[in-house]
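The values are calculated or read from the model by the stated rules, or taken from the named source; none is laboratory data. Not measured: the values here are computed from a predicted model. Don't worry about glycine lacking a Cβ; one is built from the backbone with ideal geometry, like all the others, and counts go over all protein chains shown. For the accessible areas, the whole protein counts, side chains as well, though only heavy atoms, and no ligand, DNA or RNA atoms are used. Shrake-Rupley method; radii C 1.70, N 1.55, O 1.52, S 1.80 Å.
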Amino acid sequence: MQHQIELAAQSVGRSALDLTLIVVTKFHPASLVRELAALGVHDVGENRHQEASEKSAELADLNLSWHYIGQLQTNKARQVAHYAHAIHSIDRVRLVDALATATVDSPIEAFVQVNLTDDPGRGGAAPDDIELIAQRVLETPTLALRGIMAVAPLPSEESADSAFERLRSYSDRLRALDAGATAISAGMTHDYAQAIAHGATHLRIGSAITGNRPDPGYAR
Ligand SMILES: *Cc1c(COP(=O)(O)O)cnc(C)c1O
């Protein structure tokens, strides 16, 4: 995978050194995360609090950074703050305010998630709300504004190229607010090359690395 990422970066004149690969390990057992860590993986992504909490506790002996990438209920926010090094799904002011009351050793890296579709159920803030949420993050000592995050729409809705081009314009708005908020969390198994072409800095890749996810036993 590292090689494919390098090729995709080279083809658009970028260096893979500027990309952080987050291996998404959701639904996989802690033992698999341990194997990945032995292979040099440092950044792992999870999208459910219960599962992430258990795995991070079981693997506390490893030097891993846990990235929370799923929709986050306000009443779970303080608990996620116990183990998350970064939260990629900051999509409303109320969630920021809940995280403001968390106890943290150092500020959690915060990505404002923007919804690239018109379906509010997909998670992410409406693009109009980016500045409002980002401003609140900047006022919150438990959080450090890092950048923007999004999941591409379905290919039938909008091409990844077009969606990630829009995402870059939202990133520009964020940087206008805070020059340090340069990160763009985008790109999954099927669209990482397009994300790299449009400036992604944090790739969230699951199945291309781990193989298909085990059936979690519930609809998702
Ligand atoms: C599951 C997931 C990923 C990884 O998806 P793959 O297609 O397996 O690479 C990335 N981002 C988010 C938000 C996810 O939920």
**Prompt:** What are the residues in the stretch 105-115 that are part of a loop (DSSP other than H, G, I, E, B) and open to solvent by less than 40 Å² (accessible area, probe 1.4 Å), if any?
**Reply:** ASN115
**Prompt:** Yes or no: VAL12 over 15 Å from ILE108 (Cβ atoms), open to solvent by 30 Å² or more (accessible area, probe 1.4 Å) and more than 16 Å from the chain's Cα centre (by Cα)?
**Reply:** yes
**Message:** For the stretch 17-26: of the residues being of a type outside the set (Val, Ile, Thr) and buried (at least 17 other Cβ atoms within 10 Å of the Cβ), which is nearest to the chain's Cα centre (by Cα)?
**Reply:** LEU21
**Message:** I want to confirm something. Restricting to the stretch 27-79 and keeping residues that are within 17 Å of the chain's Cα centre (by Cα) and among the polar types (S, T, N, Q), which single residue is farthest from GLN113 (Cα to Cα)?
**Reply:** SER56
**Asked** helices (runs of 4 or more DSSP H) wholly in the stretch 116-220 with at least 1 residues that are near the ligand (Cβ under 10 Å from one of its atoms) and within 27 Å of ILE5 (Cα to Cα) - which ones?
**Response** 192-197, 207-210
**Item:** Enumeration of residues in the stretch 140-155 that are open to solvent by 60 Å² or more (accessible area, probe 1.4 Å), over 22 Å from HIS82 (Cβ atoms) and either among the aromatic types (Phe, Trp, Tyr) or at pLDDT 95 or above (or both)
**Value:** VAL151, LEU154
